[in-house]
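The structure appears below as structure tokens.
The values are calculated or read from the model by the stated rules, or taken from the named source; none is laboratory data. Keep in mind that what you see is a predicted model, and the values were worked out from it rather than measured. Reconstructed Cβ throughout: ideal geometry from the backbone, glycine too, with neighbour counts over all protein chains shown. Protein only, heavy atoms only, side chains kept; ligands, DNA and RNA dropped before computing areas. Shrake-Rupley method; radii C 1.70, N 1.55, O 1.52, S 1.80 Å.
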Amino acid sequence: MEFSKIATDWNTKIQNGEQSTVDVELDGGQVVTCALMIVLTVDSKDYIVLLPLDENGQNNDGNVWFYEFILNSPDGEPELGNIEDDDVYEKVTEAFDLYLDDAEFDELVDLPEEESEDL
């Protein structure tokens, strides 16, 4: 899986705890705090995966939200855009599934240093 420079930079911030949540205002004015999971690059565009949290900071249903990730300047605040095209949405969800599969595989295959050097 390849990531753009923007995605790589933001994923580093997420992994280091520098960027952990964002408030998303929904239609109707409701604000939902979401945990940032990962920024994916699909067809040269960046998309963010958000985990909506309840008032206790938990997500009990496992739902995630996908948005276009728009960064107009390196030091600026990102904007979120809706994914209007069903084909694009499907590609983003497939990329996220691949990411989860890779992450799960990496956890399963955690070889000790000595063994991994022999491979």
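Brief remarks follow.
- The chain - mean residue ellipticity at 222 nm from DSSP helices (-39,500 (n - 2.57) per run, n ≥ 4, rounded to 500): -10500 deg cm²/dmol
- Just so you know, the Rg over Rh for the chain is 1.02, from Cα atoms, with Rh as the Kirkwood radius.
- Tilt relative to the chain, helix 5-15 - C-alpha long axis, 0 to 90 degrees, to 10: 80
- Accessible area per residue was computed with a 1.4 Å probe on protein heavy atoms; residue 33 scores about 50 Å².
- Accessible-area order (highest first, 1.4 angstrom probe) of the listed residues 27, 101: 27, 101
- Percent of Cα-Cα distances greater than 18 Å, calculated over region 1-58: 40
- Cα-based helix-to-principal-axis angle, 86-108 vs the chain, degrees rounded to 10: 40
- Region 19-52 and region 77-104: distance between their alpha carbon centers, rounded to Å: 11
- Diffusion of region 26-93 by Stokes-Einstein, at 4 °C in a medium of 1.567 mPa s and with Rh set to the Kirkwood radius over alpha-carbon pairs, works out to 99 µm²/s.
- Solvent-accessible area per residue for the chain (1.4 angstrom probe, square angstrom): 71
- Loop-located GluC sites (Glu not before Pro) in region 13-95 whose Cβ has at most 11 other Cβ within 10 Å (DSSP): 18, 55, 84
- For a straight C-alpha distance cut-off of 17 angstrom, the lysines reachable from residue 45 (same-chain residues fewer than eight places away being disregarded) are 5, 91.
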